[in-house]
Amino acid sequence: MGAYAKNLQRRLRNPLPPAAVSMIREGAEAREKAILKGIFDGNCNVTRCQRVIKGENWFNTSTRAYYCGTCAREINRWSQRDEGKVICVEVTDPNDKPPFPR
Ligand SMILES: [Zn+2]
């Protein structure tokens, strides 16, 4: 159960029906995913991935969003092959946003 559903249940005198708990949890998880997608220490920006990237932030100089190492290396493999450019760079500081390579 997610934190939101747990807190809501704690506030109520009677426990929530299981169906309501799962509806709340799914909604909270979807909102959380939407908020964290592609941000520093959030989740990978690739929709089908969205892996937690805490401690492994790769900045994509083209989309200006953050990716996990696996997706960033895959993107770099293609960008190097097609344009001879490395477009994803691993960063440790959210203020470090390298420009797109010339
Ligand atoms: Zn990824």
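Which order do 79, 62 fall in if you start with the one that has the fewest other Cβ atoms within 10 Å? Intermediate results must be reported in sequence, preceding the final value.
On the way: 79 18, 62 13.
In order of increasing Cβ crowding within 10 Å: 62, 79.
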Here the gain from full extension of residue 82 to residue 64, 0.36 nm per residue of separation minus their alpha-carbon distance, amounts to 4.5 nm
Pull up all non-local amide H partners of residue 37: gap of 5 or more, or a different chain, and H-to-H distance under 5 Å with H placed in the peptide plane. 43
With Cβ to Cβ distances under 14 Å as the rule, what net charge do the other residues near residue 5 carry (K, R +1; D, E -1)? +2
Would you look at the GNM of the chain, springs on alpha carbons closer than 10 Å, and say which of 35, 53, 87 moves the most? 35
Amide proton proximity set for residue 50, modelled H, under 5 Å, gap of 5+: 44
With label points built 7 Å along Cα→Cβ from the Cα atoms of residue 100 and residue 7, find their separation and express it in nm. 4.0
Per-residue HN-Hα couplings for the range 77-89 [Karplus 6.51, -1.76, 1.60; θ = phi - 60°; Hz; x = Gly/Pro]: 4, 6, 5, 5, 5, 7, 10, x, 10, 9, 9, 9, 10
Would you calculate a helix-derived [θ] at 222 nm for the chain, using -39,500 (n - 2.57) for each DSSP H run of n ≥ 4 and dividing by the full residue count, to the nearest 500? -13500 deg cm²/dmol
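Let me make sure I get this right: for the chain, a, b and c are the square roots of the gyration tensor eigenvalues over alpha carbons, sorted descending. Under 1.5 in a/c it's rounded, otherwise prolate if a/b > b/c, else oblate. Which is it?
Working: a/c = 4.45, a/b = 2.96, b/c = 1.51.
The shape class here is prolate.
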Amide H of residue 85 versus every other amide H placed in the peptide plane: which residues, excluding those fewer than 5 positions away on the same chain, fall under 5 Å? 80
May I ask you to evaluate 6.51 cos²θ - 1.76 cosθ + 1.60, the Karplus curve with θ = phi - 60°, for each residue of the range 60-74 and list the ³J(HN,Hα) values in order in whole Hz, giving x for glycine and proline? 8, 5, 8, 8, 6, 10, 9, 9, 6, x, 4, 5, 4, 5, 5
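Just so you know, all these numbers are worked out from the coordinates, no wet-lab data involved. From a predicted model like this one, the values you see are computed outputs, not experimental measurements. In this analysis, Cβ positions are derived from the backbone assuming ideal geometry, glycine residues included, and neighbour counts consider all displayed protein chains.
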